[in-house]
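Below: the structure, in structure tokens.
The values are calculated or read from the model by the stated rules, or taken from the named source; none is laboratory data. A quick note: this is a predicted structure, and the numbers were derived from the prediction, not measured. A quick note on method: Cβ atoms are made from the backbone with ideal geometry, for glycine too, and the neighbour counts reach across all protein chains shown. Ligands, DNA and RNA are stripped out before the accessible areas are found, and what is left, the full protein with its side chains, is counted by its heavy atoms. Shrake-Rupley method; radii C 1.70, N 1.55, O 1.52, S 1.80 Å.
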Amino acid sequence: MSTSLLEAPRTNVLPFKPVPTDPGFGVYVHWPFCAAKCPYCDFNSHVRMKPVDQARYAAAFERELAEMGRRSKGERVTSIFLGGGTPSLMEPATVGIILNAISNIWTVAPDAEITLEANPSSVEANRFRGYRSAGVNRVSLGVQALNDRDLRRLGRLHDVEEALRAIGLAREIFPRLSFDLIYARPDQTVAGWEAELARAIDLAADHLSLYQLTIEEGTAFHALHKAGKLIVPDGDLSADLYEATQALTAAKGLPAYEISNHAVPGAESRHNLTYWRYGHYAGVGPGAHGRLSWDGYRYATANEALPETWLQMVEDWDHGMVVEEALSIAEQADELLLMGLRLAEGVDLKRWRELSGRVIDPRSERDLVENGMVERLGPERLRCTPAGMMVLDAVVADLA
């Protein structure tokens, strides 16, 4: 295991620094297939009993990437994210085809962040080394819990031993690593979560994604919860768990830079920052979303979700888009505000003002400040406080 990552010192540094004026350009590639559907998951993921024709899908990704390239000429790729689904079910050769296609269509920055999501149950050393050889330089592991009882409850196919092995391999092979945990799980206490989180921080390299369990309509957990067979922490306990998360990660040198994401300063996910700083990104693959500009308009794009239908659409028409909507100025301004307020660095008010042609209502801002929901970071940046983060949608509604 790499000693450089294990022994790297962490310091408590203020996470606020000059924010890049260019949010970057990202490419998101969605691999929609999983070995099993987790009961909490409402992502576009599908289980197939027969092996997927990876060569056919790789060719379709190439065609849709080329179409997106025609709509976003001149962009310079600063990040690529292979998400899912379970992208670690892809063969390294499939990943290589996709990454080569991207580099043939756009200019890719020499220091571009290239992330692949992986499940511990689909990890083995040769596959990881194959991804690294293909160009992946960051892996995001779906660990989700560090006790076997809760892993079984969450429908995960791995156990803690497999998770630890995957973390060790990732730290050995990739320059950068993140992994996910879900909290606010049934029967979870603050003390229990703090102990689990402390262990996770000791295992982490430089980034953790920590999500509260939410009950999403259409999932197996939603049906169980509705029937009273799944009890999750109430609002007060969820708030306590959130506050404990913020306090412990900050104390250990991985402060929150976004509602659910924590990093050693400088190790934030560049791809996700492109979303939250309201940059442009191409969404490729079944169910993928994008934000691209052409012909003087900013477009929201969304692809057909069913993999087989998307595949046929791409083979017929070079893309699988079912939404291609020009966003109004007001819609863009609302999105910029909503995304920016997720971040510890806050939202750029000058950019919002230039886009919207408006100013933040001073009475609304004053009320939110007096209630401890928002604060200024200098004259041109506004951010949510930790209390405001917990009611972000309401804060955005008041400001917008």
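Accessible area per residue for the range 25-275 is 40 Å², calculated with a 1.4 Å probe on protein heavy atoms, without ligands, DNA or RNA. Counting only protein heavy atoms and a 1.4 Å probe, the range 328-400 has 51 square angstrom of accessible area per residue. In the assembled protein chains, T245 presents an accessible area of approximately 0 Å² (probe radius 1.4 Å).
Residues whose amide H falls under 5 Å from that of Y183, counting only those 5 or more places apart or on a different chain, are Y211, Q212, L213, with hydrogens built in the peptide plane. For the range 123-134, putting each phi into the Karplus relation 6.51 cos²θ - 1.76 cosθ + 1.60 with θ = phi - 60° gives couplings of 9, 8, 4, 5, 5, 4, 5, x, 5, 4, 5, 6 Hz, in residue order, rounded to whole numbers and with x for Gly and Pro. Once amide H atoms are built 1.01 Å from N in the peptide plane, which residues 5 or more positions from H280, or in another chain, come under 5 Å H to H? Correct list: G26.
Here the Karplus relation 6.51 cos²θ - 1.76 cosθ + 1.60, evaluated at θ = phi - 60°, turns the backbone of the range 206-215 into coupling constants of 8, 8, 9, 10, 10, 10, 6, 5, 10, 8 Hz, with x for every Gly and Pro. Average 1/r across all pairs of distinct alpha carbons in the range 329-399, invert it, and you get the Kirkwood radius: 11.8 Å. With contributions of -39500 (n - 2.57) from each DSSP H run of at least four residues, the per-residue ellipticity at 222 nm computed over the chain stands at -12000 deg cm²/dmol.
Near the amide H of L377, within less than 5 Å, lie the amide hydrogens of L382, R383, all on another chain or at least 5 residues away, with H placed in the peptide plane. Number of Lys-Lys pairs in the chain with C-alpha atoms under 20 Å apart and a separation of 8 or more places or on different chains: 5. Potential lengthening of the chain between A59 and T309 amounts to 88.5 nm, from the contour at 0.36 nm per residue minus the alpha-carbon distance. Look at where the Cα atoms of the range 351-390 and of the range 210-289 average out, and the two centres are 22 Å apart.
If you keep only loop residues by DSSP, which GluC sites (Glu not before Pro) in the range 113-215 have at most 10 other Cβ atoms within 10 Å of their Cβ? Numbers along the way, then the final one.
On the way: sites: E113, E117, E124, E161, E162, E172, E194, E196; in loops: E124.
Sparse-neighbourhood loop GluC sites (Glu not before Pro): none present.
Each residue was assigned an accessible area with a 1.4 Å probe, and for C41 the value is about 30 Å². Note on the chain: with neighbouring protein chains present and a 1.4 Å probe, carbon and sulfur make up 53 percent of its accessible heavy-atom surface. Loop-resident trypsin sites (Lys or Arg not before Pro) (DSSP state other than H, G, I, E or B) in the range 58-95 with no more than 11 further Cβ atoms inside 10 Å of their Cβ: K73. Protection proxy ranking, highest mean first, for peptides 184-192, 54-62: 54-62, 184-192, where packing is the per-residue count of other beta-carbon atoms within 10 Å, averaged.
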